[in-house]
Amino acid sequence: MTDSPIQQLMRWEQHGAEWRVVHLSDERAIVDMCTCYGEPVDQLESSDPNVIAWLRERSTSSAA
């Protein structure tokens, strides 16, 4: 079973890493998944309306 994008971001955060939204529209979200030092190492993309709504409330992992 695959984790939802929200679960992936929350787990990323729980392990001390950072993430930040680089693009957010009504149709698509793109999030940089970064090291704890802020260096991008992966990217998450989603067109799920629930993910987009969740990201509108939190544009970075530090906005918790």
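Per residue, how much accessible surface does the chain expose to a 1.4 Å probe? Answer in Å², no decimals. Display every interim value, and only then the final one.
Values: 4190 Å² over 64 residues.
Per residue, the chain has 65 Å² of solvent-accessible surface.
How charged is the neighbourhood of ALA29? Take every other residue with its Cβ under 14 Å from the Cβ of ALA29, and add Lys/Arg as +1 and Asp/Glu as -1. Mind showing how you got there, number by number?
Working: positive: ARG20, ARG28, ARG56, ARG58; negative: ASP26, GLU27, ASP32, GLU45, ASP48, GLU57.
Result for the neighbourhood of ALA29: -2.
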Quiz prompt | Tilt relative to the chain, helix 5-14 - C-alpha long axis, 0 to 90 degrees, to 10 | solution = 20
Quiz item: Rounded to the nearest 500 deg cm²/dmol, what is the calculated helix-only ellipticity per residue at 222 nm for the chain, with -39500 (n - 2.57) per DSSP H run of length n ≥ 4?
Solution: -8500 deg cm²/dmol
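What chymotrypsin sites (Phe, Trp or Tyr not before Pro) does the chain have in DSSP loop regions with at most 11 other beta carbons within 10 Å? Walk me through the intermediate numbers first.
Working: sites: TRP12, TRP19, TYR37, TRP54; in loops: TYR37.
Those satisfying the criteria are TYR37.
Expected output is a single nm value to one decimal: the length gained when fully extending between ILE30 and ARG56, i.e. 0.36 nm times separation in residues minus the C-alpha distance. What is it? Mind dumping the intermediate values first?
Details: separation 26, 0.36 × 26 = 9.36 nm, distance 1.20 nm.
Extra length from ILE30 to ARG56 when fully extended: 8.2 nm.
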Practice problem: For the chain, give the percent of accessible area contributed by carbon and sulfur heavy atoms, probe 1.4 Å, rounded to a whole number. | Solution: 48
Self-check item: Loop sites in the chain: GluC sites (Glu not before Pro), DSSP, at most 13 other Cβ within 10 Å
Solution: GLU27
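How long is the gain from SER4 to GLN43 if the chain were fully straight, where each residue apart is worth 0.36 nm and the alpha carbon distance is subtracted?
Net length gain for the segment: 12.6 nm.
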Quiz item: Can you list the trypsin sites (Lys or Arg not before Pro) in the stretch 10-49 that are in a DSSP coil and have 13 or fewer other beta carbons within 10 angstrom?
Solution: ARG28
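The values are calculated or read from the model by the stated rules, or taken from the named source; none is laboratory data. Values in this document were obtained by computation on a predicted structure and should not be read as measured data. Using ideal geometry, Cβ is built from the backbone for each residue, glycine included, and neighbour counts are taken over all protein chains shown. Areas reflect the complete protein model, heavy atoms only, side chains present, ligands, DNA and RNA absent. Shrake-Rupley method; radii C 1.70, N 1.55, O 1.52, S 1.80 Å.
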